[in-house]
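Below is one structure; the comments refer to it alone.
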Amino acid sequence: MAVVLTLLVSCGQKKTVQVPTPPPSPKPVVVSEAQIEAELNKALAEDPRDTQAIRNDELADEADDIIAQYPDKNAADLLNTPEVKPSLMKALEKLGQDKALQGKINSTVELAAQMQGLSGEPGSVRLDMDISKYDDQRKSHLLQAVLSEDPKRIVGFLVEEIGEATPELSYGGVERASNGVAIKENQPPAK
């Protein structure tokens with residue numbers, strides 16, 4: 001009979017379930033107040049808005065320094081200074097590779113042309129800017145865009161200038177706006 005009971009128990013009549021023991025809890029990490037403060041400061045310093053604001057301030061200072069260094073130069077001449085020309089070349093090279101940004105300029109020019117009463121068909125009009133009469137504030141804004149070497153900033157600058165000029169060109173009856181912007185028709189190629 002003992003053998004039968006042993007067989008019944010071993011055949012699964014009675015099961016014993018073994019519950020796994022949970023792993024030990026990790027020990028808490030002790031961090032000093034100085035470490036916490038340092039990490040918070042680091043995180044705040046890496047905020048892209050702060051970084052961009054600092055970069056904008058640096059560009060404004062750099063542009064103003066260049067204008068002060070060359071007080072008798074107009075904006076066109078400033079673009080050819082040794083401090084600015086390399087940045088201009090890099091930015092134009094990047095712009096030349098970005099068809100979407102080129103399209104933004106072209107569509108803005110075409111829209112301004114249509115508002116001015118020109119056809120505005122792609123390729124029929126062009127932007128003509130005379131930046132030689134820019135005041136120091138406008139020179140600084142232009143130089144900041146160029147010194148950034150960011151084609152988006154340059155396109156942003158151009159779009160703002162065209163936008164500012166459009167009402168004057170459309171309703172003022174002038175060929176060139178006070179900010180130097182003109183939208184001109186391209187002459188068809190000679191046959």
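For region 83-111, the set of residues classified as touching a helix residue (DSSP H, G or I) at 6+ places or on another chain (Cβ under 7 Å) and open to solvent by 70 Å² or more (accessible area, probe 1.4 Å) consists of LYS94, LYS104, listed by residue number. Checking each residue in region 143-191 for being within 17 Å of GLU110 (Cβ to Cβ), of a type in the set (A, V, I, L, M, F, W, C) and assigned to a helix (DSSP H, G or I) picks out VAL155, LEU158, VAL159, ILE162, ALA165, LEU169.
Among residues of region 65-78 that are in contact (Cβ under 8 Å) with a residue 12 or more places away in the chain and open to solvent by less than 70 Å² (accessible area, probe 1.4 Å), those with a Cβ under 7 angstrom from a residue that is part of a loop (DSSP other than H, G, I, E, B) and among the small types (Gly, Ala, Ser), sequence gap 6+ or separate chain, pair up as ASN74/SER132; ALA75/SER132; ALA76/SER132.
Tell me which helices (runs of 4 or more DSSP H) are completely within region 1-87 and hold 2 or more residues being modelled with pLDDT under 95 and of a type in the set (S, T, N, Q), or say none if there are none. Can you show your working first?
Details: elements: 2-8, 33-45, 48-69, 75-78.
Qualifying helices (runs of 4 or more DSSP H): 33-45, 48-69.
Beta carbons closer than 9 Å, at least 6 apart along the sequence or on distinct chains, pair a first residue in region 123-140 that is closer than 23 Å to ASN106 by Cβ with a second that is in a strand (DSSP E or B) and open to solvent by 30 Å² or more (accessible area, probe 1.4 Å) for SER124/GLU185; VAL125/LYS184; VAL125/GLU185; ARG126/LYS184; ARG126/GLU185; LEU127/LYS184; ASP128/LYS184. When SER132 is tested against (1) part of a helix (DSSP H, G or I); (2) surrounded by fewer than 13 Cβ atoms within 10 Å (Cβ to Cβ); (3) in contact with a helix residue (DSSP H, G or I) (Cβ under 7 Å, 6 or more places away or on another chain), just one condition goes unmet, and that condition is (1).
The values are calculated or read from the model by the stated rules, or taken from the named source; none is laboratory data. A quick note: this is a predicted structure, and the numbers were derived from the prediction, not measured. Positions of Cβ are generated from backbone atoms using ideal geometry, with glycine treated the same way; all protein chains shown enter the neighbour counts. With ligands, DNA and RNA removed, areas are computed over all heavy atoms of the protein, side chains included. Shrake-Rupley method; radii C 1.70, N 1.55, O 1.52, S 1.80 Å.
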